[in-house]
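> Shown below is the structure under consideration.
The values are calculated or read from the model by the stated rules, or taken from the named source; none is laboratory data. No experiment lies behind these values; they were computed from the predicted model shown. So basically every Cβ, Gly included, is an ideal-geometry build from the backbone, and we count neighbours across all protein chains shown. Side chains included, ligands, DNA and RNA excluded: accessible areas come from the protein's heavy atoms. Shrake-Rupley method; radii C 1.70, N 1.55, O 1.52, S 1.80 Å.
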Amino acid sequence: MDQDRVWWTHVVFEGWQERPGPRYQRLAEALLHAVDRRMVVDGARVPAERSLADALGVSRGTVVAAFEHLVGAGVLERRQGAGTFVLGRPPWTSRSDTAVASLLLRRVAATSEAIDLSFSVPAGTSHLPPIGELPLGSTFTGHGLDPFGDATLRSAIAEHLTHHQRLPTTPEQVLVTSGAQQALTLLGRALLSPSTKVIAGCPGYPGFAAAFLGADRELLPVAVDDAGVDPDAVARAAHRRGDLVLYVMPTGHNPTGAISSAARRRALLDVAAQSGITVVEDLALADLVLDPGEPAPAPLAASSDRVVVVGSLSKLMWAGLRIGWIRADPALLERVARWKAADDLATSAPAQAIAVALLEAIDDTWLHAHRRALASRRDHLVQLIGGQLPAWRTRTPAAGLSLWVELPLEHADTFVHAAAAHGVVVAPGSAACSDTRHLAGVRLSFAETLETLELAVERLASAWELHSQDVAATPREPSR
Ligand SMILES: Cc1ncc(COP(=O)(O)O)c(C=O)c1O
């Protein structure tokens, strides 16, 4: 199987014939466009001229002319005896924004008819409880620029954590942010010194590194299993490393949807205590524990002061609201508030007022009904994939809004592009991992309606059929 050649002919050079100009120029433009869109990364070796010419149905001379053109423009480089390589466009290819940028680019590339399953968020607002008219005049007083957040919302979040997430919290322990993404950005600034090392599970939340680590900090990736991050792997990564922060998602892991057992949580806390690790516990998905019965074990922060929590209304309510929070010791929040003020002064007051109204409008009955509805979408998607894509490996997620699927491929990126061309946008495993593990995975949201999920799986099944035929039919490029 040579996925690499399929990638080049079906993704990188896709649609080259429709471009204007002579053939060599059309090929050069298609390759340049792929470099600009980060479909081809800096340092990649382009296929040999003859095999590319055969695959594209053009003469070798045409491919040579296209490459020469790009060598002259500084986009490609020929290395004696080794082949032709992409030099890339350095200013916007920095490591820390790669995952987010590639997801957003993929979304921008999608047409309006495409079904977007790439984000782990509600598909719209129709599930929200009614909140009536906002009493704007009496709600908004003063300048509305408190970097800690509106006092009523801080109380409502504290109440929500105490009663719905088993995490006793006071309003003084809460700082409101513009989503959990900003919470991670602010915490990264407040917690990390130049020597701090950050440990996180692989696969993990694609937006974490870009938000928390900043531009040049390296992540220490550790294994994730069915119960979340492996404490033994954390202990090994922590050995003799000095100042450390560990990032975990024990109540709803993104992308797997796993919930860590009580024993796993205790083991993580033990490792953290032994190695003096500060833990960032991301509870963004903790409101969406989907199966009735035993509730998830209490958050790590309920039994340890070394744990700082980030949370969000993006998953339960609506991502466009941009309301999240940090739950931490008030002394740490003082430091965070300075970064918050520097970043955006304060979170939007109307968004905070809507968040208060939404939190006041929900109760246990609403939460149970909402979780049941999501669980039936999840089960439907698992069943559709089992029936139409039996070679895909899925595991039913216990929490969250997405399904993590492993494809029988070495690398799922090419298929992700093929799926987008068939009208379904999914998130590639390569975005969920800072190392090369889990490249075969894709993440699919099940937040859409049952009908939309059915259409999406039909499209994915036809994309898969063509893609697997292409991969099987392409001979492996000889390695040099
Ligand atoms: C685990 C996790 N943390 C944080 C975020 C960021 O969420 P927000 O929309 O609140 O910024 C997400 C969103 O996908 C997430 O899945």
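> Along each of the three principal axes of the Cα atoms of segment 150-267, give the extent in whole Å, ordering the values from largest to smallest.
Largest to smallest, the principal-axis extents are 43, 33, 24 Å.
> Please identify the GluC sites (Glu not before Pro) of segment 371-470 that satisfy two criteria: DSSP loop assignment and at most 15 other Cβ atoms within 10 Å. Which are they?
Those that pass, being in a loop and sparsely packed, are Glu410.
> Label Ala373 and Ser348 with points 7 Å out from Cα along Cα→Cβ: what is the distance between them in nm?
Reported label-point gap for Ala373 and Ser348 is 2.3 nm.
> Further, regarding this structure: How high is the relative contact order of segment 287-402, in percent, counting Cα pairs under 8 Å that sit 6 or more residues apart?
33
> Dipole of segment 248-378, Cα-centred, from +1 at each Lys and Arg C-beta and -1 at each Asp and Glu C-beta, to the nearest 20 debye?
320
> Distance in nm between label sites at Ala223 and Val41, each 7 Å beyond Cα in the beta-carbon direction?
2.3
> Going 7 Å from the Cα of Ser193 in the Cα-to-Cβ direction, what parts of segment 203-243 have a backbone nitrogen less than 13 Å from that spot?
Counting only backbone N, you get 242-243.
> Relative to the present Cα-Cα distance, how much length would full extension add between His380 and Glu360 at 0.36 nm per residue of separation?
4.1 nm
> Compute the label zone of Arg395 within segment 232-249: residues whose backbone N is under 16 Å from the point 7 Å along Cα-to-Cβ.
Residues passing the 16 Å test: 232-233, 249.
> Nearest 0.05, what FRET efficiency do Glu406 and Arg236 give at R0 = 35 Å with Cβ-Cβ as r?
The pair Glu406/Arg236 has a calculated efficiency of 0.90.
> For the chain, what is the accessible area per residue in Å², given a 1.4 Å probe and the full set of protein chains?
Per-residue value: 44 Å².
> While we're here: What number, in percent, do you get for the relative contact order of the chain if the mean sequence gap of Cα pairs under 8 Å and at least 6 apart is divided by its residue count?
The normalised contact order for the chain reaches 20 percent.
> Calculate the FRET efficiency for Ala341 and Asp435 from the Cβ-Cβ distance with a Förster distance of 30 Å, rounded to the nearest 0.05.
Result of the calculation: an efficiency of 0.25.
> If you don't mind, another one. How large is the translational diffusion coefficient of segment 385-425 in µm² per second when you combine the Kirkwood radius over alpha carbon pairs with Stokes-Einstein at 37 °C and 0.692 mPa s?
Stokes-Einstein gives a translational diffusion coefficient of 284 µm²/s.
> Using Stokes-Einstein with the Kirkwood hydrodynamic radius over Cα pairs, what translational diffusion coefficient do you get for segment 1-72 at 20 °C and a viscosity of 1.002 mPa s, in µm²/s rounded to a whole number?
177
> Continuing with the same structure: If you take the alpha carbon radius of gyration of segment 210-300 and divide it by 2.2 N^0.38 Å, what ratio comes out, to two decimals?
1.10
> Let me ask something additional. Label point 7 Å out from Ser303 along Cα-to-Cβ: which residues of segment 266-294 have amide N under 13 Å?
266-273
> Also, quick follow-up: Give me the extension gain from Gln80 to Glu133: residue separation times 0.36 nm, minus the current Cα-Cα distance, reported in nm with one decimal.
Length difference between fully extended and current span is 12.1 nm.
> Say R0 is 22 Å: what FRET efficiency, to the nearest 0.05, do Leu87 and Gln25 get from their beta-carbon distance?
The computed FRET efficiency comes out at 0.70.
> Would you calculate the separation in nanometres between label points at His163 and Thr125, each defined as 7 Å from the Cα along the Cα-to-beta-carbon direction?
So the label points at His163 and Thr125 sit 2.4 nm apart.
> Work out the P(r) tail for segment 386-480: percent of alpha carbon pairs separated by more than 24 Å, whole number.
The answer is 20 percent, as a whole percent.
> Ok, one more. Summing +1 for each Lys or Arg and -1 for each Asp or Glu, what net charge is found among the other residues whose Cβ lies under 12 Å from the Cβ of Val12?
Once all neighbours under 12 Å are counted, the net charge is -2.
> Kirkwood Rh over Cα pairs of the chain into Stokes-Einstein at 37 °C, 0.692 mPa s: D in µm²/s?
137
> Still on this model: Based on Cα coordinates alone, diagonalise the gyration tensor for segment 424-468, multiply each eigenvalue by 5, take square roots, and list the semi-axes in whole Å, largest first.
After diagonalising the Cα gyration tensor, the semi-axes are 23, 15, 6 Å.
> Of all accessible surface on the chain at a 1.4 Å probe, what whole percent is carbon and sulfur?
53
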